[in-house]
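Accompanying notes for the structure given below.
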Amino acid sequence: MVVRRAYSHIFRILYLLCFILMLLCSLALCGWLLLASMDMGWPVPRIIIYMICLLVAQIISLILYFKWPLVAVLAAWIDMLLIMVGVVPRNSTSWNSFFYQFMFNIIFWAAANGGYAAYFALNRRRLVQGRVAQA
């Protein structure tokens with residue numbers, strides 16, 4: 001019983017830590033967009049439009065994080081999918097440059113997945129019993 005409580009506290013701390021990491025990544029994206037918007041001309045570059053859409057998705061996922069953490073995971077995967085497909089252009093083809101350019105997106109992705117895993121570990125019994133009762 002003591003071990004179960006300790007795991008519960010660890011997963012709760014991990015869940016909150018993932019939220020804080022995702023919040024900091026969203027704030028960093030906000031700052032980047034603010035600086036980029038000061039320098040852009042007309043017409044608006046498409047990367048700014050994509051990043052604004054990703055920022056809106058991140059803000060919505062942060063608002064819904066404690067109720068439905070799967071929304072954050074979906075937003076993070078869509079973000080990574082857009083980067084990997086090449087919708088968001090890269091500066092160079094090297095992996096070093098990739099990790100530096102999209103560091104906050106990768107951290108958001110890892111935190112969203114880690115937060116969902118912690119949520120599932122915290123609510124495992126309730127989630128599994130709900131599925132058994134529905135079947």
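A few comments on the model shown:
- Per-residue 3J(HN,Hα) values for the stretch 112-118, derived from phi via the Karplus relation 6.51 cos²θ - 1.76 cosθ + 1.60 with θ = phi - 60°, read 5, 5, x, x, 5, 5, 5 Hz in sequence order (x marks Gly and Pro).
- Spin-label model, PHE66/PHE99: points 7 Å from Cα along the beta carbon direction are separated by 3.5 nm.
Each value in this text was obtained by applying a stated rule to the coordinates, not by laboratory testing. Quantities reported herein were computed from a predicted structural model and do not represent experimental measurements. All Cβ positions, glycine included, derive from the backbone under ideal geometry; neighbour counts span all protein chains shown.
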